[in-house]
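What follows is one structure encoded as structure tokens, with my remarks underneath.
Bear in mind that the values in this text are calculations on the coordinates, not laboratory data. Fair warning: this is a prediction, and the values are worked out from it, not measured in the lab. No Cβ is skipped: glycine too gets one built from the backbone with ideal geometry, and neighbour counts run over all protein chains shown.
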Amino acid sequence: MEFIPTREAGLARLNAFLPQAGRAYAAGRNYDEPDSVSGLSPYLRHRIVTEPELLEAVLSRHTPAAAEKFIQEVYWRTYWKGWLEMRPTVWAQYRTGLRAALNRVQTEAGLRRAWKAACAGETGIDAFDHWAQELAATGYLHNHARMWFASIWVFTLRLPWELGADFFLRHLLDGDPASNTLGWRWVAGLQTPGKTYLARPDNIATYTRGRFRPMGLAQEAPPLDGPPAPPRMVPPTGDTPPKGRIGVLLTEDDLSPDWLLDRVDAADVAVFDGTALRSPLHVSQNVQAFVTGALADLDNRIGPVRRLATPEDVTRWAEGFEAIALPHPPVGATADALHAAMDGTRTHRMLRDHDRMAWPNATAGFFKFKKRIPELLKAHDRQADLFG
Ligand SMILES: Cc1cc2nc3c(=O)[nH]c(=O)nc-3n(C[C@H](O)[C@H](O)[C@H](O)COP(=O)(O)OP(=O)(O)OC[C@H]3O[C@@H](n4cnc5c(N)ncnc54)[C@H](O)[C@@H]3O)c2cc1C
């Protein structure tokens with residue numbers, strides 16, 4: 001799949017995929033083939049295309065029953081985001097675990113060799129090696145390949161899961177603190193206590209249509225040990241738009257800011273690109289290029305946007321305004337950096353209606369959350385302006 005970092009390309013991909021978003025998606029989505037899924041995640045992750053406009057387009061073409069599976073998958077992203085917003089310490093624990101694992105890599109030669117081989121796709125497990133190289137080359141992996149890859153990383157290669165999550169974040173164009181961290185935790189048995197995901201040769205053979213049937217995979221997947229999920233915090237509800245001399249600050253998390261610019265009289269619009277903060281290691285050229293391209297596209301769509309390269313630049317820039325308005329930066333490295341950079345600044349973190357309505361429902365597992373989807377879709381319908 002080729003991912004051109006423009007809204008036009010995202011909308012073209014959406015339109016091309018639409019006929020397939022109904023029962024064809026439900027039947028074919030588990031096959032690791034480019035045409036079985038939408039490939040929209042790099043656009044959704046950066047909100048170059050937004051969830052409400054995707055849902056509206058799908059529902060203008062299919063009945064809710066026919067598109068149920070696709071709609072649920074889109075809401076998985078929303079659910080993970082809401083879950084992490086209410087439990088931000090899980091992100092902090094991941095970063096601490098990652099630092100510890102990277103320290104071990106420095107001092108343990110065996111671990112360093114195994115980690116490097118896994119990242120380079122040189123383990124001798126053909127399917128795994130193929131996916132490692134595919135990810136590095138394209139910035140994308142099919143969902144099923146992500147599940148198999150993570151499972152083999154944790155249970156067959158017995159590498160620290162945080163190193164695998166970091167490898168994904170450095171290379172995935174859609175690399176997302178919530179979906180990625182919680183996806184890895186889910187495979188490893190840390191997210192749903194006692195439940196793990198075991199990659200099985202037969203399942204891989206079926207869903208790669210016989211391209212792979214790897215030998216020597218772990219035959220069981222005992223859950224990893226980890227602290228229980230922290231108590232839930234109140235989800236963010238979003239601040240009101242500020243008045244006065246306002247600076248609008250964007251991040252790679254929301255590159256369709258019209259909804260916010262319509263509500264705020266902006267004296268200046270700037271963007272802080274936190275892509276490099278995804279990992280303590282180098283983030284891939286593909287990821288950097290995608291975000292750089294998406295920011296150039298943003299300039300073309302809304303006029304030149306000032307670039308702020310470092311958190312210090314953000315602090316200095318923010319001093320010129322009475323208040324800063326920004327789309328609520330979701331839990332992750334960018335939000336961490338901005339939190340520190342804007343300590344003492346009057347900030348108004350504004351929330352899209354899609355998130356404000358859905359996030360509070362991420363109280364327990366997805367099974368409970370998904371029962372609320374019909375209600376959430378109705379609320380979207382009522383608020384037609386959401387689809388703008
Ligand atoms: C270990 C692991 C790590 C992952 N890391 C990320 C990540 O960093 N960023 C990311 O966006 N997704 C991640 N996912 C979820 C999922 O694999 C991708 O969202 C999906 O493969 C994107 O491809 P697509 O757009 O073609 O999906 P489609 O099947 O076409 O789905 C449409 C949209 O629904 C959402 N979606 C679909 N499946 C999931 C899911 N399981 N969890 C959350 N959202 C989903 C995505 O936004 C996707 O674009 C991860 C999954 C696993 C198992």
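Things to note:
- Residue within segment 292-307 that is under 22 Å from Thr240 (Cα atoms) and under 23 Å from the mean Cα position of the chain (by Cα) present: no
- Of all the numbered requirements in (1) more than 22 Å from Arg356 (Cα to Cα); (2) touching a helix residue (DSSP H, G or I) at 6+ places or on another chain (Cβ under 6 Å), Gln219 misses one, and that requirement is (2).
- Residue list for segment 10-35, restricted to those being more than 10 Å from Phe70 (Cβ to Cβ) and buried (at least 19 other Cβ atoms within 10 Å of the Cβ): Gly10, Arg13, Leu14, Asp32
- Segment 324-339 residues that are over 14 Å from Leu277 (Cβ atoms), paired with ones that are in a helix (DSSP H, G or I) (beta carbon under 8 Å, 6 or more apart): Ile324/Ala318; Ala325/Leu260; Leu326/Leu260; Leu326/Leu338; Pro327/Leu260; His328/Asp355
The rows are residues; the columns are (1) crowded, with 17+ Cβ neighbours inside 10 Å; (2) outside any helix (DSSP H, G or I); (3) in contact with a Ser or Thr (Cβ under 6 Å, 6 or more places away or on another chain); (4) basic (Lys, Arg).
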| residue | (1), (2), (3), (4) |
| --- | --- |
| Arg112 | no, no, no, yes |
| Ala118 | yes, no, no, no |
| His130 | yes, no, no, no |
| Leu141 | yes, yes, no, no |
| Ser151 | yes, no, no, no |
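- Verdict on Gly175 being farther than 21 Å from Tyr25 by Cβ and either more than 8 Å from the ligand (Cβ to nearest atom) or part of a helix (DSSP H, G or I) (or both): no
- Evaluation of Glu85 against the conditions (1) in contact with a helix residue (DSSP H, G or I) (Cβ under 9 Å, 6 or more places away or on another chain); (2) of a type outside the set (A, V, I, L, M); (3) within 13 Å of the ligand (Cβ to nearest atom) shows that the sole unmet condition is (3).
- Residue within segment 262-282 that is more than 19 Å from Leu172 (Cβ to Cβ), exposed (fewer than 15 other Cβ atoms within 10 Å of the Cβ) and of a type in the set (A, V, I, L, M, F, W, C) present: yes
- Taking the criterion of being among the basic types (Lys, Arg) and within 8 Å of the ligand (Cβ to nearest atom), the residues of segment 19-70 that qualify are Arg29, Arg45.
- The one condition from (1) more than 19 Å from the chain's Cα centre (by Cα); (2) surrounded by fewer than 20 Cβ atoms within 10 Å (Cβ to Cβ); (3) within 21 Å of Pro242 (Cα to Cα); (4) not small (Gly, Ala, Ser) that Asp353 does not meet is (1).
- Residue in segment 318-338 that is under 23 Å from Val90 (Cα atoms) and surrounded by fewer than 18 Cβ atoms within 10 Å (Cβ to Cβ) present: no
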